[in-house]
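Trainee: Before anything else, here's the structure in question.
Bear in mind these aren't lab numbers, they're just calculated from the coordinates by the rules spelled out. None of the values given here were measured: they were computed from a predicted structure. For neighbour counting, all protein chains shown are included, and Cβ atoms are generated from backbone atoms with ideal geometry for every residue, glycine included.
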Amino acid sequence: MSRISIEKKEDGTLIKIKAYYEEGKQKMLNLWLFAWTLCGLAIISQVFLDANGELKNMILIFGAFWAYFEYMVVKAFKWRRTGEEQIFINKETIQYGRTYNNRGVLKPYRLDQMNPVREMKDESNSFVRSFMDSYWVIGGEKLAFSYQAKIIPFGLRLTDKEAKKVTQQINKLIGE
């Protein structure tokens with residue numbers, strides 16, 4: 001099944017890239033999310049018991065770290081199940097955004113102020129690369145374009161073949 005769909009609309013072209021999804025890894029993410037949530041709530045609930053101030057402070061600090069990673073995993077969970085990148089191209093703008101269940105905002109970029117889409121070079125070190133390749137992180141942008149001296153990355157976890165297809169299609173539509 002192809003993750004990329006291209007729809008011709010009355011006023012432009014819509015390109016949708018579905019989130020990378022792998023059944024085995026999703027099951028592990030579900031299990032990890034369940035265990036993380038359960039353990040975190042169990043530990044944080046101890047704040048309400050009669051304990052000394054130092055223990056409460058330690059639990060609250062733990063709770064802040066726990067909440068951050070809980071948010072990141074829930075976000076990745078939602079992304080893997082219902083997320084997609086949408087790119088809408090018309091005569092004047094290219095609009096890009098990440099949507100969940102077709103809900104989200106596409107940010108417009110004027111075509112006359114952007115460069116053609118290109119493949120991003122992976123210049124990160126091995127730790128950053130392995131972190132961004134992990135299933136519970138939303139990352140791994142493969143393509144980008146420059147807009148007003150800013151790099152706009154997109155194309156999460158595209159294969160080389162998919163990246164080439166999207167690059168050619170977008171550059172053809174924007175007239176490059």
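Trainee: Let me have the relative contact order for the chain, percent, based on Cα pairs under 8 Å that are six or more residues apart.
Mentor: Relative contact order, the chain: 19 percent.
Trainee: Find, among the trypsin sites (Lys or Arg not before Pro) in segment 60-108, those assigned to loop by DSSP (not H, G, I, E, B) with at most 14 other beta-carbon atoms within 10 angstrom.
Mentor: LYS91
Trainee: Please tell me the relative contact order of segment 48-141 in percent, rounded to the nearest whole number, where contacts are Cα pairs under 8 Å and at least six residues apart.
Mentor: 20
Trainee: How big, in percent, is the set of alpha carbon pairs in the chain lying more than 20 Å apart?
Mentor: 61
Trainee: Cα axis of helix 53-82 to longest principal axis of the chain: angle in degrees, 0 to 90, nearest 10?
Mentor: For 53-82 against the chain, the angle is about 30 degrees.
Trainee: Suppose the chain between LYS164 and LEU55 were pulled fully straight at 0.36 nm per residue; how much longer would it get relative to their current alpha carbon spacing? Don't skip to the answer; put the middle values down first.
Mentor: Details: separation 109, 0.36 × 109 = 39.24 nm, distance 5.44 nm.
Full-extension gain reported as 33.8 nm.
Trainee: Still on this model: If we count other beta carbons within 10 Å of each Cβ, what is the order of VAL128, VAL47, fewest first?
Mentor: Fewest-to-most ranking of VAL128, VAL47: VAL128, VAL47.
Trainee: So how tilted is helix 23-44 from the main axis of the chain? Cα-based, degrees 0 to 90, rounded to 10.
Mentor: 40
Trainee: Next up: In terms of the Cα gyration tensor, with a ≥ b ≥ c the square roots of its eigenvalues, is segment 79-142 rounded because a/c is under 1.5, prolate because a/b exceeds b/c, or oblate?
Mentor: Because a/c hits 1.5 or more and a/b fails to exceed b/c, segment 79-142 counts as oblate.
Trainee: Per residue of segment 150-165, what does 6.51 cos²θ - 1.76 cosθ + 1.60 with θ = phi - 60° give for ³J(HN,Hα)? Whole Hz please, x for Gly and Pro, Karplus curve as stated.
Mentor: 10, 8, 10, x, 7, x, 5, 6, 6, 6, 4, 5, 5, 4, 5, 4
Trainee: Tell me whether segment 1-43 comes out rounded, prolate or oblate; compute the Cα gyration tensor, take square roots of the eigenvalues as a ≥ b ≥ c, and use a/c under 1.5 as the rounded threshold.
Mentor: Working: a/c = 8.96, a/b = 2.82, b/c = 3.18.
Taking the square roots of the gyration eigenvalues as a ≥ b ≥ c, segment 1-43 is oblate.
Trainee: Further question on the same structure: Using the structure shown, select from LYS9/LYS165; LYS107/LYS161; LYS25/LYS150 the pairs with a Cα to Cα distance greater than 22 angstrom.
Mentor: Pairs exceeding the cut-off: LYS107/LYS161; LYS25/LYS150.
Trainee: Continuing with the same structure: Report the Cα centroid-to-centroid distance between segment 141-161 and segment 55-96 in angstrom, as an integer.
Mentor: First find each Cα centre; the distance between them is then 19 Å.
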